[in-house]
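Colleague: First, the structure itself, so that you have it in front of you.
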Amino acid sequence: MDKSVKTSGSLTGVVLAGGLSSRLGTDKANLIMDGTESLLSRSVKLLLEVTPEVLVVGRMDAELEALPGVTCIADDWPGCGPVGGIATALRHSRSDCLALSCDLPFLTAHTLQKLVKAWNARRPETLPYAYSQS
């Protein structure tokens, strides 16, 4: 991994994990794919590769909080979906945020590194984001 893309404290990783999983019928954050690691744990560890700290919003998880740099916080606006989770992260973070859903099984550290590099190279007034529609 290219450690040079890790920020120096000016970017906080955020994992949104407060959903009800009503469509899936089971807690998607705890789904195991390709091994023994949950989707939530995988997302946290990916963010730790590119950010110095990670907030998990909407879920209290002692195992994740035991990882250096990880803090779990309750959603300040439960039931408001991802916008409520992002607003909660912004209220609790001391920096800008890179927010992810907890259910991205195909996300790679390489993709996050590219996002962080773009964020580091942006003009200060730019709000970078990513969106994909299949």
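The values are calculated or read from the model by the stated rules, or taken from the named source; none is laboratory data. Here the structure is a predicted model, which is why all the values come from computation and not from measurement. In this analysis, Cβ positions are derived from the backbone assuming ideal geometry, glycine residues included, and neighbour counts consider all displayed protein chains. These area figures cover heavy atoms from the full protein model, side chains too; ligands, DNA and RNA do not enter into them. Shrake-Rupley method; radii C 1.70, N 1.55, O 1.52, S 1.80 Å.
Colleague: Report, ordered by the first and then the second residue, all pairs with beta carbons closer than 6 Å, sequence separation of six or more or different chains, a first member in the range 85-106 that is touching a residue at least 40 places away in the same chain (Cβ under 8 Å), and a second member that is in a helix (DSSP H, G or I) and basic (Lys, Arg).
Modeller: Asp103/Lys28
Colleague: If I go through the range 25-53 residue by residue, how many of them are in a loop (DSSP other than H, G, I, E, B), open to solvent by 50 Å² or more (accessible area, probe 1.4 Å) and at pLDDT 85 or above?
Modeller: 3
Colleague: Scan the range 54-102 residue by residue and report those that are part of a helix (DSSP H, G or I), open to solvent by less than 40 Å² (accessible area, probe 1.4 Å), aliphatic (A, V, I, L, M) and modelled with pLDDT of 90 or more.
Modeller: Hits for the range 54-102 are Ala87, Ala89.
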